[in-house]
Amino acid sequence: MSVVRLWVALALAKATYRGLRLLGRNASNLPGWLALHVCPDFLELIAKPELVVCVTGTNGKTTVTNMIADVLVGQGYSVSTNRLGSNIAPGIASSLTNAVSWSGKPNKDACVLEVDERASRLILPYVRPTYLVVTNLFRDSLKRNAHPDYIFDVLDTYTPDDTRLVLNGDDLCSSRLGERAGNPRVFFGIESMAGDRTDSINLVSDYSTCPRCHTGLAYDHLRYHHIGRAHCPACGFASQDCDYVVERVESDATSFTVAHDGATHTYPLVSTVTFNIYNQLAVIATLTEIGLDPARVEAGLSILAVVDSRLGRTQVGDVTVVQAMSKGQSCVSTSRTLDFVTHEPGRKVVVLAMDDWYDRKTSVEYIGWIYDADFEFLADPDVVQVIACGPRCYDYEVRLLLAGVPHERIQCCESEADAHTRILTAGMDSVYILYDTSTYDVAMSMKARILSTLEGAAR
Amino acid sequence: MKIEVLYPEVCCLYGDKANWLYLQRCLPDAEVIRTALTDTPRFAAEDVDLIYIGSMSEASQELLIDLLWPYRDRLREIMDAGRTTILLTGNALELFGTFIRREDGTRKEGLGLLPLHAVRQAPTRFNSLIMGDADGTTVVGYTSRFSHAYPDADLPGLVTVQMGVGLNPDTRIEGIHSGRLYATYILGPLLIANPDVTKRLLAELGAPDDLPFEAETYRAYEKKLAEMRRPGLALD
Ligand SMILES: [Zn+2]
C-alpha cells in the first residue's frame, strides 16, 4: 500500500513540478507539499542519492548550504538543493523529488539541504543524512525557538546515530551534539584571530559554566557570546580539539591556512567577517570529509564570491548610506550588527528600523529581546545620532538611555516615513539603516527619502 | 540594601537580566550579590532585602531545584518572616511548586513552598501578550513558555488578567502574590516595562521611588498600554 502511495505522491510531485516550471512559477515547495499530503512518510520512503548533506544551525546555514552545493556542482557533481525552497518538510520533499527519476531511482549524485533547526525533528530521522553540518547554536526568536538548550535537545534527539557530524569546535553549545549517541564527528575551529579577548563584553553569554561541574569556565579566548575556547578550572573539561584548524586570521587577511591531518592548505578568504570565516571553514571541512582533495576544494572556492546581501551602500556627497540586515527579535544577530556598525571607521548615524512589520499590524511586538542585545555599543562617541523608528520607538529610547547613549543624540519616529526629517545633514561620514527581513521595503523607501534629504543638503 | 541575584549565569533568558540590572540603576547604593551555581546563597546565613530569580531552560530548572533543595526550610522561614522581597519571573515560579510534570509523565519534585504544580508540554509553545490589574495598577507583559501552572489550593494571584492567559488557560489569575513574594510568568524586562510596579517595589524596600529616565519610561508604558487596548489584537 505504502509503495502505491509513494508512487502516486512522486508522480503528482513531479507532474506539479513540471507544470509549474512550464508556467514559469516557483516550483520549490508545492510539489513537496502535495507529496507529503498524499504520502505522509514520503521523506522516509523516497530513495535518496548516495550523498545527502544537511546543514542546520542558528546563523549561516543558507550561506554554507549554497557554498557546498556550488562547489560540488563546480567539481562535476549533479546536485539537488532547496536553495529556492523552504527549509522545512515541503521544501525538503521537493528537493528529494528532484533527485530521483519518475520511476523513483536516484538520478543525482547528491542532495544538499538546508534544514530549519526547529523543524529538524520532522526531517532528520527520515532523510537520514550522510553528513549533518551544524554552523552554531545561539539564542533566536524566543516565541519559536525558546532557547538554545531546547534546539540542542531537538537536534541531539532526532539526528540518526550513524550520521556523520561536522561541528563548530569553537561553539560551546553545538560542539556537544552527538556526544551521547556516539556519532562520528569532526570539528573545525580558529586558533587565534585579531581582536580575541578573554572576557565577555556581550550581555548574552550562554554556556559560561562547565557542563560537568557548573564552575564558571575560563576562556582561553572569546570572540562573541559563547564562541571561543574555554576550559574548566575545576574539573578539566575543555573545548573540543579541532580536526580542521585555522592557526591565525589577521583582520586584513585575503587567505587562510587550514591544518588538517598533519598537512596544511591555503584557501582564498571570501569574506573577513568572522561569521563568514566560520561558514567557509564549515564548507572546507565538509567537502574534505566528502572526499574532495584540498586542491579541488580550493578551486571550487576560488570561483565563489560571497555576495553579502546584508549590506547595500550608496554614496551621497561625502556621506555613505548603508542598509544592513539585522534580524529583529534576535538578540545575537542584532548584537553582531551593532558591533560591526559601531566599529566601522568614521562618525555615523544609526537608524533602527527592526520593528516587526506583521506584529505592528495585528499585535504589539514583545520588545524585551532588546535587553539581550548589546545596544551599549551605540554609546560610542562616534555614533553621533540614533533614530529609533516604528511603534516601539519609545521602548528603544529607554533601552538606548539605559545603554548610555546621551539623550540629545536620540530621535524617535513612530513612522519610518519621517526618519528623513530628523536626520542630521552634516557632521557624519555614514548612515546605517538597520532593518529586519519583514521591514525591507519600509527600509528601502526610508533610504530613498534619506538620500534625497542628504542630496538637498549637499547642494 | 542587599539584592541577591540567584544563578545569573543560567537564569538570564529572554531579557530577564534587565530586571536586576535596572534595580541596580534604581538603587545605586545597594550591594548586588550575584550568586553563582557553585556558591552558597547569601540568604542562607544572613537576611537579604531582595532575592531575584529569572527565566531559565528546563534543564536549569531541575538543576536549581537540586541546588536550592538544602535551603527549603530557610526559604520557608524567609517567606514567613516577611523581611525579604522575593521576585520570580518567567518559569522561576515553577521551582517553588510541589512538582513539575515532564512531557514523558515523570515528575521532578519541587521545593514545595507554594501549593501549585507545573505541566510541561514541549514542543508546544505558549505565547501570549498579557494585560491585567495588579492591585489597581495595569500591568503589561508577555509570556512564552512550554508549561502551565495549576494551583493545588487557593492561591492569591498577582495579576487579574484582562487580556491573555493566566497561570494556565483555565484561569484569569496570573502569578502569585503571597506576603512579599511576587511570582509571575511574565518574562523580560518587567520592571522597565511597568514603572508603577517598580515604584511600589522600591517603596516596599524603603527606598526613594525615583526611576532613571522616568518620563521616557512612562511614555513607553503609556504607548504600549494604548496599543494593547486596541480591539481584536492577536495575542501571540
Ligand atoms: Zn568542570
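Here are the numbers for the structure shown:
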quantity: With 10 Å bins from 0: P(r) over the protein assembly as shown, alpha-carbon pairs, percent; calculated: 3, 14, 22, 25, 21, 11, 3, 0
quantity: Protection-proxy order for peptides A:164-174, B:224-234, each taking the mean of Cβ atoms within 10 Å per residue, highest first; calculated: A:164-174, B:224-234
quantity: Virtual paramagnetic centre 7 Å along Cα→Cβ of B:E31, amide N under 11 Å, in region B:45-79; calculated: B:46-49
quantity: For region B:1-118, share of DSSP beta bridges that run antiparallel, in % to the nearest 5; calculated: 20 percent
quantity: Nitroxide proxy distance, nm - points 7 Å out along Cα→Cβ at B:A234 and A:A218; calculated: 5.0 nm
quantity: Backbone N within region A:25-43 under 20 Å of label point (7 Å from A:R121 Cα along the Cβ vector); calculated: A:40-43
quantity: Distance (nanometres) between label positions extended 7 Å along Cα→Cβ at B:L225 and A:L84; calculated: 5.3 nm
quantity: Average partner coverage of B:211-221, which counts Cβ from other chains inside 10 Å; calculated: 4
quantity: Peptide A:142-149, shielding by other chains (average Cβ, 10 Å cutoff); calculated: 6
quantity: Accessible-area order (highest first, 1.4 angstrom probe) of the listed residues B:M1, A:M354; calculated: B:M1, A:M354
quantity: Fraction of antiparallel bridges per DSSP, region B:2-228 only, in percent to nearest 5; calculated: 55 percent
quantity: Sites A:A295 and A:D252, calculated FRET efficiency, Cβ-Cβ separation with R0 22 Å, nearest 0.05; calculated: 0.30
quantity: Relative packing of A:215-227, A:36-48, which averages over residues the other C-beta atoms within 10 Å, highest first; calculated: A:215-227, A:36-48
quantity: Euclidean distance of C-alpha centroids, region B:78-127 and region A:228-303, integer Å; calculated: 44 Å
quantity: Those trypsin sites (Lys or Arg not before Pro) in region A:43-125 that DSSP places in a loop and that have at most 12 other beta carbons within 10 Å; calculated: none
quantity: Chain A - mean residue ellipticity at 222 nm from DSSP helices (-39,500 (n - 2.57) per run, n ≥ 4, rounded to 500); calculated: -10000 deg cm²/dmol
quantity: Hull shadow area, averaged, region A:36-98 [alpha-carbon convex hull, nm²]; calculated: 4.6 nm²
quantity: Among A:190-198, A:276-284, the order from most to least packed when residues are scored by Cβ within 10 Å on average; calculated: A:276-284, A:190-198
quantity: Beta bridge orientation in region A:2-302: antiparallel %, DSSP, nearest 5; calculated: 40 percent
quantity: Cα Rg over Rh - region A:326-409, Kirkwood; calculated: 0.95
quantity: Net charge of neighbours whose Cβ lies under 11 Å from the Cβ of A:E365, counting Lys and Arg as +1 and Asp and Glu as -1; calculated: -1
quantity: Distance histogram in 20 Å bins (all Cα pairs of region A:2-302, percent per bin); calculated: 33, 54, 12, 0
quantity: Solvent-accessible area per residue for region A:2-302 (1.4 angstrom probe, square angstrom); calculated: 39 Å²
quantity: Summed residue charge, Cβ within 14 Å of A:P49's Cβ, Lys/Arg positive, Asp/Glu negative; calculated: +2
quantity: Positions from region A:370-403 whose accessible area shrinks by 10 Å² or more when the full protein complex is built, not the chain alone, probe 1.4 Å; calculated: A:Y371, A:D372, A:P391, A:R392, A:Y394, A:D395, A:E397, A:V398, A:L401, A:L402
quantity: Aspartates and glutamates with Cα under 15 Å of A:K327, excluding same-chain neighbours fewer than 8 positions away; calculated: A:D140, A:D308, A:D339, A:D355, A:D356, A:D359, A:E365, A:D372, A:D374, A:D436, A:D441
quantity: Where A meets B: accessible area buried, both sides, 1.4 Å probe, Å²; calculated: 3400 Å²
quantity: Shielding by partners, peptide B:5-14 (average Cβ within 10 angstrom, other chains); calculated: 4
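The values are calculated or read from the model by the stated rules, or taken from the named source; none is laboratory data. No experiment lies behind these values; they were computed from the predicted model shown. All Cβ positions, even for glycine, are placed from backbone atoms using ideal geometry, and neighbour counts span all protein chains on display. In case anyone asks, the SASA skips ligands and DNA or RNA and just uses the protein heavy atoms, side chains included. Shrake-Rupley method; radii C 1.70, N 1.55, O 1.52, S 1.80 Å.
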